1. Give just the number: which of (1) touching a residue at least 24 places away in the same chain (Cβ under 8 Å); (2) more than 22 Å from residue 148 (Cβ to Cβ) does residue 227 not satisfy?
2. Could you please find all residues in the stretch 154-177 being within 16 Å of the ligand (Cβ to nearest atom) and out of contact with any helix residue (DSSP H, G or I) (no Cβ under 8 Å at 6 or more places or on another chain)?
3. Based on what the data block shows, is residue 251 under 20 Å from residue 113 (Cβ atoms), touching a strand residue (DSSP E or B) at 6+ places or on another chain (Cβ under 6 Å) and at pLDDT 95 or above?
4. Out of all the residues in the stretch 200-211, is one or more more than 16 Å from the ligand (Cβ to nearest atom), farther than 23 Å from residue 114 by Cα and within 18 Å of the chain's Cα centre (by Cα)?
5. Looking at the stretch 210-233, which of its residues are crowded, with 19+ Cβ neighbours inside 10 Å and touching a helix residue (DSSP H, G or I) at 6+ places or on another chain (Cβ under 8 Å)?
6. Go through the stretch 124-151 and count every residue that is surrounded by fewer than 19 Cβ atoms within 10 Å (Cβ to Cβ) and either in a loop (DSSP other than H, G, I, E, B) or within 16 Å of the ligand (Cβ to nearest atom) (or both).
7. Within the stretch 77-110, how many residues turn out to be surrounded by fewer than 15 Cβ atoms within 10 Å (Cβ to Cβ) and assigned to a loop (DSSP other than H, G, I, E, B)?
Ligand SMILES: [Zn+2]
């Protein structure tokens with residue numbers, strides 16, 4: 001019986017090793033076991049000065065190419081929100097967990113963009129739970145507060161049933177309805193925004209920004225930053241010019257968490 005301790009140790013090691021090998025859909029075994037502590041956040045929008053012009057930049061889907069926006073953002077001292085689809089993190093065209101860590105370390109905000117990017121207005125209750133709660137748990141297991149949600153597809157955000165489910169888990173959610181966001185009146189579970197797509201000219205861009213003042217903030221969302229010709233692609237050069245415009249015209253750039261949430265102790 002003197003080997004009992006050794007047998008228990010080996011047994012424990014086998015269990016530990018098998019736990020490590022259970023790599024789930026989102027590739028999160030270690031993170032789930034050694035979960036970092038998450039800051040406690042509440043919904044508390046900022047109170048801008050009347051002459052302040054606040055703009056928020058969001059990247060939807062977590063495309064790998066959106067990483068090339070970071071040096072440009074940093075060169076102006078800007079931040080942005082990256083909305084991650086948690087089950088896409090092992091696909092080559094999308095950011096992986098290491099990229100996401102680098103994004104956060106570069107001063108960017110990490111939001112949930114659901115687990116598998118389905119139209120939530122067309123989902124069962126179980127699917128909705130998976131998309132909202134599980135994606136949040138996965139992000140939290142890696143240390144991101146994940147209190148901000150970005151709807152996959154317009155109809156998800158415009159559906160009141162979906163909004164009420166989102167409200168159970170998140171403090172704020174951005175949709176795709178085009179418009180300004182008035183901090184004192186907006187529907188915080190379907191924030192309005194502007195899609196900066198491939199064909200947006202400088203004239204369109206400045207039009208999106210018109211009326212940005214005090215409580216009226218402008219949220220701009222992008223997808224890919226590359227030379228593609230799809231609607232979702234904006235070139236690095238165009239992005240650079242747009243950021244330069246924001247910088248030269250005195251806009252204050254904040255991410256979604258900075259605008260809507262406050263960290264409490
Ligand atoms: Zn999307």
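The values are calculated or read from the model by the stated rules, or taken from the named source; none is laboratory data. Here the structure is a predicted model, which means the values were calculated and not measured. Positions of Cβ are generated from backbone atoms using ideal geometry, with glycine treated the same way; all protein chains shown enter the neighbour counts.
1. Residue 227 satisfies every listed condition except (1).
2. Correct list: 154 only.
3. Against the criterion (under 20 Å from residue 113 (Cβ atoms), touching a strand residue (DSSP E or B) at 6+ places or on another chain (Cβ under 6 Å) and at pLDDT 95 or above), residue 251 does not qualify.
4. Taking the stretch 200-211 and keeping what is more than 16 Å from the ligand (Cβ to nearest atom), we get 200-211.
Retained after the next criterion (residues that are farther than 23 Å from residue 114 by Cα): 200-211.
Filter once more, keeping what is within 18 Å of the chain's Cα centre (by Cα): none.
No, every residue in the stretch 200-211 fails to be more than 16 Å from the ligand (Cβ to nearest atom), farther than 23 Å from residue 114 by Cα and within 18 Å of the chain's Cα centre (by Cα).
5. Once the filter is applied, which keeps residues that are crowded, with 19+ Cβ neighbours inside 10 Å and touching a helix residue (DSSP H, G or I) at 6+ places or on another chain (Cβ under 8 Å), the stretch 210-233 yields 217, 218, 219, 220, 222, 223, 224, 225.
6. Summing the residues that are surrounded by fewer than 19 Cβ atoms within 10 Å (Cβ to Cβ) and either in a loop (DSSP other than H, G, I, E, B) or within 16 Å of the ligand (Cβ to nearest atom) (or both) in the stretch 124-151 gives 2.
7. Count: 6.
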